[in-house]
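The values are calculated or read from the model by the stated rules, or taken from the named source; none is laboratory data. Every value quoted in this text rests on a predicted model; they were computed, and no experiment measured them. So basically every Cβ, Gly included, is an ideal-geometry build from the backbone, and we count neighbours across all protein chains shown.
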Amino acid sequence: MSCVADKGDNMAVIDSDSHFSEFVGVHPSKIKQGKFSFLNALNPRDREAVFKRFCKKNQRFIYTEFEMLNSKGESVLVYCMGENEDNSELIRLTFADISNSEKKRRELKRRAKETDHLIDLVNSGVCRFKVTPDMHIEALYLNEACCRLFGTTKASLKLRDKTEYRLDDLIHPDDKTLVFQAIGKAMATHCSIDTEYRVKAHKDEYIWCKFNGAIQYYDKENNPVFHAVFTDINEIKNSEEETDAANDKFVAMFKSMPGAFFCASAEKPLICDYVSDDFIDFIGYSRKEFFEKMHGNLLSLVSERERKFVEASISKQCAEANGICLVYTIKVKGAKHVLIEDKRKIVLQEDGSKTMLGTLSDITESKKSKNYFSA
C-alpha cells in the first residue's frame, strides 16, 4: 500500500491507493480532501520520531520500520520506503506488512533462548566456534558449563569490546599441534573430532578435557563453524597417571627381584606380562627378543613334544588349585636344554580376576637321574 503526504501540512495525506484507505479505515474522498493526517495512523509515542525521520534534510530516500494502527486500532509492524519529491514538501510512502515476519523472528529468538537455557543445564561444556583462515578458533557461543570449564562467565564474554574469545589461546602449548591437526583433518575430510587435550582453566592451571566436535555449517565468510562438546576428564587423567606411576614402580620393582620371576594372567598362563632381569638372564634371550619375537610366550622355549603336556597340566592345575608346580624342559639361548621347576601362586585381584606370580628354577643337575616328562 502507498500514500502521498504533505510534510508542510502536518503530514496530511493528499493521495493514496485503495489498500491504504482500507487499512486506516478512511474513505478515499476524505483522503483526497486532505482531511486525514498520516500521524493519526501511528502510535502517539512514535509520531514525533517518525516525523523527524521523514523531515531529515538532504535525504531523497528514507528506509525505516515502525508500527501503524489499522482500522481496528491494532498495531501492525510495517517496513516503509519514503521518497521526498524535489522542490516540494510532499513525500511518497510505500509500506509492506512485516508483522508476520517479525512474529516469526521473535518466535525463533524465543525458541533459541529456550534451547540455550536447556543447553545451560547440560553438565558438559557445549560450544560453537568458527575457525578463521589464520587458524584462530573464535568462540561464538559457550554454555554455562563451558564457561566454568574455561574459567570465564557469560557476563564477562558480553563485556568484551571487539575482542573475540579465542579458544586456541587456552590450549596447552604441548597440545596445540594435536588440536590443530584434528581440526585440520575435520576441515579436509568433514569427519568428526574425538581427542583429549589440556585446557587453561585459570591463570596458570591446566585441566584435561575430552573434545568432541564436527563442522555444522559455513558462515558468510566461508569459515567453518563447529559445534563441540568439552568434558572435564581431569580426575580420570590424574587417576590414570597415578595408576601408570604405580604400574611403572611395580614393573621396576619386579624387574629387580632376585630369581627368575614372572607374572601372567590366569586366562593366559603361558604368556608373561612381566619378567625380572634374572628371568632374562636365565633364558639367555634379551628382553626385546622375548617380548617382541616370542611375544612373551613360555611355550616358545618348550620343545614341541612337551608343549601339549605343559599346556594341559597348567590348565588343569589352574582349575583345581591355588598354586601350580610343574617340571618340564626348556631350551635356553645357545641350544642348551634345561630342566626347570615352574612354581606359581594364584592371586585373586579386587576386580575378581586372577594373576599368577611364578618363578623358574633350574633343577637339571639335581634331577639328572630321573625322568620328569611323560608324553
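I'd like the full set of residues that are assigned to a helix (DSSP H, G or I) and of a type outside the set (A, V, I, L, M, F, W, C), limited to the stretch 139-160. Full working, then the answer.
Going residue by residue through the stretch 139-160, those that are assigned to a helix (DSSP H, G or I) are 144-149, 154-159.
Glu144, Arg148, Lys154, Ser156, Lys158 - these are the residues of the stretch 139-160 that are assigned to a helix (DSSP H, G or I) and of a type outside the set (A, V, I, L, M, F, W, C).
Considering only the stretch 11-100, give the strands (runs of 3 or more DSSP E) lying wholly within it that have at least 1 residues that are acidic (Asp, Glu) and either surrounded by fewer than 15 Cβ atoms within 10 Å (Cβ to Cβ) or more than 50 Å from the chain's Cα centre (by Cα) (or both).
So the answer is 12-16, 61-69, 75-84.
Checking Asp6 against (1) surrounded by 16 or more Cβ atoms within 10 Å (Cβ to Cβ); (2) touching a helix residue (DSSP H, G or I) at 6+ places or on another chain (Cβ under 7 Å): exactly one of these is not met. Which one?
(2)
Considering only residues that are more than 19 Å from Cys325 (Cα to Cα) and aliphatic (A, V, I, L, M), which ones fall in the stretch 258-282?
Scanning the stretch 258-282 gives a single hit, Ile280.
Where residues in the stretch 341-362 are at pLDDT below 90 and of a type in the set (Val, Ile, Thr), which of them is surrounded by the most Cβ atoms within 10 Å (Cβ to Cβ)?
Ile346
Looking at (1) more than 17 Å from Ile363 (Cα to Cα); (2) under 50 Å from the mean Cα position of the chain (by Cα); (3) not hydroxyl-bearing (Ser, Thr, Tyr), which is the only condition Arg307 fails?
Every listed condition holds for Arg307 apart from (2).
Kindly indicate the residue of the stretch 199-235 that is crowded, with 19+ Cβ neighbours inside 10 Å and of a type outside the set (A, V, I, L, M, F, W, C) and also nearest to Glu144 (Cα to Cα) among those meeting that condition.
Only one residue fits best here, namely Asp232.
Go through the stretch 158-171 and give me each residue that's surrounded by 14 or more Cβ atoms within 10 Å (Cβ to Cβ) and farther than 16 Å from Thr231 by Cα. First the steps, then the outcome.
Pass one, the stretch 158-171, residues surrounded by 14 or more Cβ atoms within 10 Å (Cβ to Cβ): 164-168, 170-171.
The answer is Glu164, Tyr165, Arg166, Asp168.
Out of curiosity, is Asp351 acidic (Asp, Glu) and not in a strand (DSSP E or B)?
Yes: the conditions hold for Asp351.
List the residue pairs whose Cβ atoms are under 7 Å apart, where the first residue sits in the stretch 144-169 and is closer than 14 Å to Phe129 by Cβ, the second is at pLDDT 85 or above and hydroxyl-bearing (Ser, Thr, Tyr), and the two are 6 or more positions apart or on different chains.
Leu157/Tyr165
Determine which member of the set Gly296, Gly352, Gly358 is in the same structural domain as Lys268 (by TED's automatic domain parsing) and over 18 Å from Ile271 (Cβ atoms).
Working: Gly296 fails: over 18 Å from Ile271 (Cβ atoms); Gly358 fails: over 18 Å from Ile271 (Cβ atoms).
Sole residue among the options that is in the same structural domain as Lys268 (by TED's automatic domain parsing) and over 18 Å from Ile271 (Cβ atoms): Gly352.
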